[in-house]
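Structure, as structure tokens:
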Amino acid sequence: MSVRPYVMAIAALGLLGAAAGATQAAPFHENASTSTSKPTSTARSIDDGSFEYPTAPANSFTNVTTGQPIGPWTVSSGNVDHIGRGLWQAAERHQSVDLNGQSPGTVTQTFPTTPGTTYAITYALAGNYAGGPAVKTGRVLVDGQGIQDFTFDITGKTATDMGYVGRHVTFVARSTSTTLSFASTTPSSAHGPVIDDVVVRASCCSCGCNRGATGKQ
Ligand SMILES: [Ca+2]
């Protein structure tokens, strides 16, 4: 019953499109693109949240300055140290990032998201135990806006006992891509917060809720 009017509507739009009916053709195109390009909501969204690429020098580090990449990440302000295998314990696999190089820095990655979907960011946090201040501070930003401030106290921590803690924060995507940043707010130091094992996942619960509510609201 409902098929015939739909086919007729498509045929009509086809005719209008051929006659350069831009205002009529646009909605049809929108519907077509959203139905074919919907990303898998449970996929990991971010690339190399473990900072394993490229390989930093073992038992040492690479200082990375503004505008330079660390694999899929970019240093978007200041400078950071990409820590190689063996210099200190990583939270996941071998490498990590000290968000203070010679001074505070920021690492940033842009990745595809589905607007309206809630995403959970998890990451491992520690600090460069080799120098003060004792309490390292930093911030998680989404699209340039701070969504979480974090602190980590290095008291008693060592290269083999970094004391990583898991942190968690959520955000609702506003666009088809989202920019995530981790910024040090630890001033005047070459010893900053350390991050590793960054994972971003579409929140299963809210995906289900969103999917259930998605008709044409
Ligand atoms: Ca790692």
*Considering each residue of region 49-105, count those that are under 16 Å from the mean Cα position of the chain (by Cα), touching a residue at least 40 places away in the same chain (Cβ under 8 Å), assigned to a loop (DSSP other than H, G, I, E, B) and within 13 Å of the ligand (Cβ to nearest atom), and give that number.*
4
*When Val140 is evaluated against the numbered criteria (1) in a strand (DSSP E or B); (2) touching a residue at least 60 places away in the same chain (Cβ under 8 Å), which criterion, by number, is the only one it fails?*
(2)
*asked:* Cβ-Cβ distance below 6 Å, separation of 6 or more or different chains: which pairs start in region 171-197 with a residue that is of a type in the set (S, T, N, Q) and end on one that is within 16 Å of the ligand (Cβ to nearest atom) and at pLDDT 95 or above?
replied: Ser184/Leu99; Ser184/Pro193
*Meets criteria (buried (at least 23 other Cβ atoms within 10 Å of the Cβ) and more than 14 Å from Ile46 (Cβ to Cβ)) for Val80*: yes
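The values are calculated or read from the model by the stated rules, or taken from the named source; none is laboratory data. These numbers were taken from a predicted model, which means no experiment stands behind them. When we count neighbours, we look across all protein chains shown, and the Cβ atoms used for this are built from the backbone with ideal geometry, even at glycine.
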